[in-house]
Amino acid sequence: MREDDRSWTHAGVSKIKGSGSRYVRIPDRVFREESILKPGFPVLWHYEKTVGVLIATRQELEEPNYEYSGESRNFRAGDSEYTCGIPKAFFDDFKGRGEPKMKPRAAEKIDLPRDGWLHFVFHDRMTEGSKKSCYVLTEDQFNQRFSDSDQLREIEQVPKFH
């Protein structure tokens, strides 16, 4: 199946919140309809080497295509929202740990904006089988990949969480 032939779903757009610890609202479609993530269970973050983007899942994804990048243990309901912490190492202002200060290798490639928007997008093959996952794209990554896509033109209908 060619990438152009896939049926893409844009589950939602969420603003990154917080200052020290940052978090994001997980769109309902990601955990209610598709069961990609589950409240109360860790979110495993991987860097997809071929496409060069972040992936969120509940399962361990294997090399050589994926590089484990971190885990969020706090995906839960709160104030009628389902939020998830984002590992500090994913942000451009992360200083690293240890001596000398080291940033995880994959996290250097991720570099999320401190207060930007994240798009949760998946295609039909990502929700089949036992290893369900979704792409987590920055605004720039989303625009580069989907700006001309007929399937995602009606962005106003996609839930946007502030």
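The values are calculated or read from the model by the stated rules, or taken from the named source; none is laboratory data. Since we're looking at a predicted model, the values are computed, not measured. Reconstructed Cβ throughout: ideal geometry from the backbone, glycine too, with neighbour counts over all protein chains shown. Just the protein is used for accessible areas: all its heavy atoms, side chains included, with ligands, DNA and RNA removed. Shrake-Rupley method; radii C 1.70, N 1.55, O 1.52, S 1.80 Å.
The residues of segment 68-87 that are outside any loop (DSSP other than H, G, I, E, B) and at pLDDT below 85, listed by number, are 76, 77, 78, 81. When we screen 12, 40, 52, 18 for residues that are more than 13 Å from residue 121 (Cβ to Cβ) and open to solvent by less than 30 Å² (accessible area, probe 1.4 Å), the only hit is 52. Just checking, does segment 90-105 include any residue being part of a strand (DSSP E or B), at pLDDT 70 or above and among the basic types (Lys, Arg)? Among the residues of segment 90-105, not one is part of a strand (DSSP E or B), at pLDDT 70 or above and among the basic types (Lys, Arg), which makes the answer no. Restricting attention to segment 115-162 and to residues that are among the small types (Gly, Ala, Ser) and loosely packed, with under 11 Cβ neighbours inside 10 Å, the residue that is modelled with the highest pLDDT turns out to be 130.
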